[in-house]
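What follows is one structure encoded as structure tokens, with my remarks underneath.
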Amino acid sequence: MPRSLVPPAFFVERVTTRCIKCGVCVRQCGFSVHAQAEPYGEVVSTEENCVGCQRCVVFCPTRALRIMENVHSVRQHPNWTAGVIHDIQKQAETGGIILGSMGCDKDYPIYFDRLALNASQVTNPAIDPLREPMEVRTYLGSKAPRVEVKRSGVTFRLQKPMPIGIKLETPIMFAAMSFGSISKNVCEALAKAATELGTLFNTGEGGYHADLRKYAANSIVQVASGRFGVDKEYLEVARVIEIKMGQGAKPGIGGHLPGEKMTWEVARTRMIPKGTDAISPAPHHDIYSIEDLKQLIDTLKEVTDYKKPISVKVAAVHNVAAIASGIARAGADIITIDGMKGGTGAAPKVVRNEIGIPIEVAIAAVDQRLREEGIRDEVSLVASGGIRCSADVLKAICLGADAVYIGTAALVALGCHLCGKCYTGKCSWGIATQDEYLSRRVNPELGVKRLVNLVNAWTLEIKEVIGAMGINAIESLRGNRLHLRGIGLNEVELKVLGVKPAGESM
Amino acid sequence: MLEGWVRIPSGCAIAGIINQNGQAFSGEMIARAMTVMHDRSNGLGGGFAGYGIYPEMKEAYAFHVLAQDKTGISQVDELFKENFTVILKEPLPTRRTAGVAGTPFLMRYFLQPQKENADADQLVAATTLQINKHIGGTFVLSGAKNMGVFKGVGYPEDIAAFFRLDEYKGYLWTGHGRFPTNTPGWWGGAHPFSLLDVTLVHNGEISSYGANRRYLESQGYHMTLQTDSEAIAYACDFLHRRHQLPWEIIAKVFAPPHWWEIDRMPAEERELAVALRRTYGSLLMNGPFSIIVGFAGGMMALNDRLKLRSLVAAQNEEWVFVASEEAAIRAVCPEPESVWYPKGGEAVIQLVKENVECHAA
């Protein structure tokens, strides 16, 4: 085989005076970068295998390692960047599609970072979250068009029962990540953390492992185009059923879990033979139109006796507002909009990086459209794809979301360093892998603690910030774009986001 | 820059007096109560609502209309002619008062809907909103049966003198003194706000305004003034007239119990509380406020749920008083039988006794 023209993406720098040749790096690396001929012998590195995940750096007991990005692999050029040149070289060598994992890594504007939040001064007081209750509880599901009450003496009674509502103690949920794309330990940590937090996790499209069904009261199960793992019990145990029409990281295409990752456990959960490829078609082959979607929504409601809210998840694409309107009218109770920065276990890089629109503009457009049509209350809106911190959550809610999903952020809490090689199944952090040796690195109990800490910390920050705004209930923030101001955005962007520029008063 | 082009936060003084027996009393009394709260206003807005003030015309819709110019008045005339019979059209009586300047045209109409069986209230509400939205510089101070709103730019006591409030008698009066923190106020932007017989005086600034506003807009209301008070007034109309909810329930929408309180409620009560928060969460009025909502036959006074604005209530014989300050009450009733400070979110709802003559509804 001729020598590859693609240089290593990273250099491994080993300070030999520090290295004690203990072999930790050899064992920690899932990509076989480090090697040792004999115990306590010389450690050598195969740099072209390195993905920059930093596992060895973190675990080296003597801090002898540095992983440095190879920034000088090509002559600097504004158009022909290293990424562009290396992709061409890879494709010239293989003739294949370039894969990528996690979210879009192209330098698009991050609208969240160009929106500033408001606070109270003088004319209304800020509310101190240490002294006053700050409410972030959120309900998902369609709302009744009105409440009818009947007086009985001095009290009142509800006349008609409300549609089913799902109570979240914080408006942050764990996004869909399937067993298969991530390890069972990670699935368990997410499920248990959601239960402790009073929020929901999402099984993704890979079925629902029997061992994790004890957390079903906090589960959203997906019905995706591959229908993996879907049976009556799967639907009945769930709190919410989500029809996955699309994913922000790869709008318009399906999924592919290679047979090598199809361990017997993954296969059993997905209800397919061991070792076979699990292919999710690009479309649902029974949904070629909005009326077909309505049929599936109705079918799922019918088989679950109208006890489960139905969510429909779509990728944020150019016409997302009209699509969402159609979904609301098709009878969905929740619409999840997944922005282009959402993560994935595997996607063609061209799809991940080039298709779709950012979640900020998508959620703003959808919320506005649904309000204009007077159907905003018929659905809850969940924003997903690129939520990185509590401020992003707050801004998404101001723009119109009821709640958000976090996927990448949750994985980062468990150790993910965004090397973007999930599709290889070699994850050194033990997250995106089915390898027994690697996946034991995520201790579900410690993982739960880290996830709970993360979401609790964000929730505290949310309370602090809404208190500063003079608000003590999150519903007063929903769609409240007057609490946002745009910085460095042009007039059209401001219009689409429905916010005023910084400096313009109320 | 006219009000309505920009949003103006403001502080304020409010008061309300009701005679439970429906006995009419002079508007001078509410003016006196407002006078002692002079320092809570800054002379950029004062106003009053009187109920039961037009007993001879109680079957007609009384419209108080202001216009910046005569064109506005003739446009209003045209609009009224389409659907109403004008029984009487006259200038609203005023007297020259020091401290009140820049007076717009102020007209009073008594109207009868032409079609008998049509939903007259809906027609009157739509006409009001249409004038406010489409006829520039023109604003309906009030349009309902047997009640009227008097408001303008000035201190409340001057506004009362200007509109000759001492010459009117009603069984319920509310008053407002305004402290806007921006640009000179506009006559239409003073309180009370009204739609049909529901009037609102408001002290505070609603931090949830953006959420409230967008919800009301999606329900077909157009915010002409960009003030939170306008939003509360429309929310009252939406919940009371369109959704037929009683005031006790509306209070629970504006200032709902906290979730920790709801969680401890008996099942039936909890179910209702959750239903209200889920359905009308966008109408939760968050941030500091005290409001007095006047309506045919009664009033409701309410604080935000943290009680971030002052509100005092008192009762003496058949009289019930609410005000921003106790001093205002004692100015007109020195020794009330009881005085209390309603808790945050705890509404004071006082209706005229049933079967009383001037109960207009």
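Over the stretch A:10-96, the reciprocal of the mean inverse Cα-Cα separation, the Kirkwood hydrodynamic radius, stands at 14.4 Å.
Report the gain in length on full extension from A:K449 to A:A119: 0.36 nm times residue separation, minus Cα-Cα distance, nm rounded to one decimal.
On the way: separation 330, 0.36 × 330 = 118.80 nm, distance 3.20 nm.
Taking 0.36 nm per residue and subtracting the Cα distance, the gain is 115.6 nm.
When you restrict to C-alpha pairs under 8 Å that are six or more residues apart and normalise by the size of chain B, the relative contact order lands at 26 percent. Under 16 Å from a label point set 7 Å out along the Cα-to-Cβ vector of A:H72, the amide N atoms of the stretch A:1-32 belong to A:7-13. Could you pull out the GluC sites (Glu not before Pro) across the stretch B:115-191 that fall in loop regions by DSSP (anything but H, G, I, E, B) with no more than 15 other Cβ atoms inside 10 Å? When the GluC sites (Glu not before Pro) of the stretch B:115-191 are filtered for loop state and at most 15 Cβ neighbours within 10 Å, B:E116 remain.
Once the Cβ-Cβ distance of B:Q112 and A:E236 is raised to the sixth power relative to R0 = 56 Å, the FRET efficiency obtained is 0.35.
By its C-alpha gyration tensor, with a ≥ b ≥ c as the square roots of the eigenvalues, how is the stretch B:272-361 shaped: rounded for a/c under 1.5, else prolate for a/b larger than b/c, else oblate? Judged from the Cα gyration tensor, the stretch B:272-361 comes out oblate (a/c at least 1.5, b/c at or above a/b). Hydrodynamic radius of the stretch B:22-167 by the Kirkwood approach over all distinct alpha-carbon pairs: 15.9 Å.
I'd like the FRET efficiency for A:A37 and A:R268, computed as 1/(1 + (r/R0)^6) with the beta carbon distance as r and R0 of 25 Å, rounded to 0.05. Don't skip to the answer; put the middle values down first.
Details: r = 40 Å, r/R0 = 1.60.
Using R0 = 25 Å, I get an efficiency of 0.05.
Across 20 Å bins from the origin, how do the percents of Cα pairs in the protein assembly as shown run, short distances first? Result, from short to long distances: 14, 40, 27, 14, 4, 0 percent.
Could you sort A:472-480, B:213-221 so that the peptide with the highest average Cβ count within 10 Å comes first and the rest follow in order? Write down the numbers at each step before the final one.
Numbers: A:472-480: 26.9, B:213-221: 20.2.
The peptides rank, most packed first, as A:472-480, B:213-221.
Site pair B:D39 and A:I88 shows an inter-label distance of 7.8 nm when each label is modelled 7 Å from Cα along Cα→Cβ. Quick one: grab the alpha carbon gyration tensor of chain B, order the square roots of its eigenvalues as a ≥ b ≥ c, and give me rounded if a/c is under 1.5, else prolate or oblate depending on whether a/b is larger than b/c. Rounded is the answer for chain B, as its axis ratio a/c remains below 1.5.
With the simple model of a label 7 Å out from the Cα in the direction of the Cβ, B:S26 to A:K500 spans 4.4 nm.
Within the listed set B:P93, B:P266, B:P55, the residue fluctuating most in the Gaussian network model of chain B (springs between alpha-carbon atoms under 10 angstrom) is B:P266. Under the combined filter of DSSP loop state and at most 16 neighbouring Cβ atoms within 10 Å, the stretch B:110-189 retains these trypsin sites (Lys or Arg not before Pro): B:K115, B:R164.
With everything on Cα atoms, drop me the angle between helix A:82-94 and the longest principal axis of chain A, reported from 0 to 90° to the nearest 10. Value to nearest ten degrees: 70. Shape analysis of the stretch A:246-306 places it in the oblate category; the axes a ≥ b ≥ c from the Cα gyration tensor give an a/c of at least 1.5, with a/b not above b/c. Take each residue in B:198-211, count the other chain C-beta atoms within 10 Å of its C-beta, and the mean is 5.
In the structure displayed, which of A:K250/A:K294; A:K308/B:K252; A:K90/A:K349; A:K244/A:K449 lie more than 18 Å apart, Cα to Cα? Over 18 Å apart, Cα to Cα: A:K250/A:K294; A:K308/B:K252; A:K244/A:K449.
How crowded by other chains is B:218-227, given as the mean number of beta carbons from other chains within 10 Å of each beta carbon?
Details: counts 10, 3, 1, 0, 0, 0, 0, 0, 2, 1.
Mean partner-chain Cβ count within 10 Å for B:218-227: 2.
Peptide A:152-158 shows a mean partner chain C-beta count of 4 within 10 Å per residue C-beta. Relative to the longest principal axis of the Cα atoms of chain A, helix A:290-303 runs at roughly 80 degrees.
Taking a point 7 angstrom from the Cα of A:E291 along the C-beta vector, which residues in the stretch A:315-340 have backbone N less than 14 Å away? The answer is A:330. Residues in the stretch A:83-108, backbone N under 18 Å from the label point at A:S4 (7 Å along the Cα-to-beta-carbon vector): list them, ranges by number please. Residues A:83-101 fall inside that zone.
For the stretch A:1-97, which trypsin sites (Lys or Arg not before Pro) are in a loop by DSSP, counting at most 13 other Cβ atoms within 10 Å?
Answer by residue number: A:R3, A:R18, A:R63, A:R75.
Of B:N42, B:N316, B:N132, the residue with the greatest mean-square motion in the GNM of chain B, using alpha carbon springs below 10 Å, is B:N316. Assuming charge only on the beta carbon of Lys and Arg (+1) and of Asp and Glu (-1), the dipole of the stretch B:10-351 about its Cα centre is about 620 debye to the nearest 20. Here the Gaussian network model covers chain B, with springs between Cα atoms less than 10 Å apart; of B:Q114, B:Q130, B:Q20, B:Q114 fluctuates the most. Counting charges near B:P91 (Lys, Arg +1; Asp, Glu -1) among other residues having Cβ under 15 Å from its Cβ returns a value of +2.
Counting pairs of alpha carbon atoms under 8 Å apart in space and at least six apart in sequence, what relative contact order in percent does the stretch B:198-277 give?
Values: 42 pairs, mean separation 18.2, N = 80.
Relative contact order comes out at 23 percent.
Taking label positions 7 Å along the Cα-Cβ direction at both A:E148 and B:R264, the computed distance is 3.4 nm, reported to one decimal. For chain A, what does the helix formula give at 222 nm: sum of -39500 (n - 2.57) over DSSP H segments with n ≥ 4, over the residue count, nearest 500 deg cm²/dmol? Theoretical 222 nm ellipticity from helices: -8500 deg cm²/dmol.
Normalised by the number of residues in chain A, the mean separation of alpha-carbon contacts (under 8 Å, six or more apart) gives a relative contact order of 19 percent. When cysteine pairs in chain A are screened for C-beta atoms closer than 4.7 angstrom, the residues that find no partner are A:C19, A:C22, A:C29, A:C50, A:C60, A:C104, A:C187, A:C389, A:C398, A:C416, A:C422, A:C427.
Values quoted throughout were computed directly from the atomic coordinates according to the rules given, and no laboratory measurement underlies them. Because the structure is predicted, anything quoted here is derived from the model rather than measured. Here the Cβ is made from the backbone with ideal geometry for all residues, glycine too, and neighbour counts use every protein chain on show.
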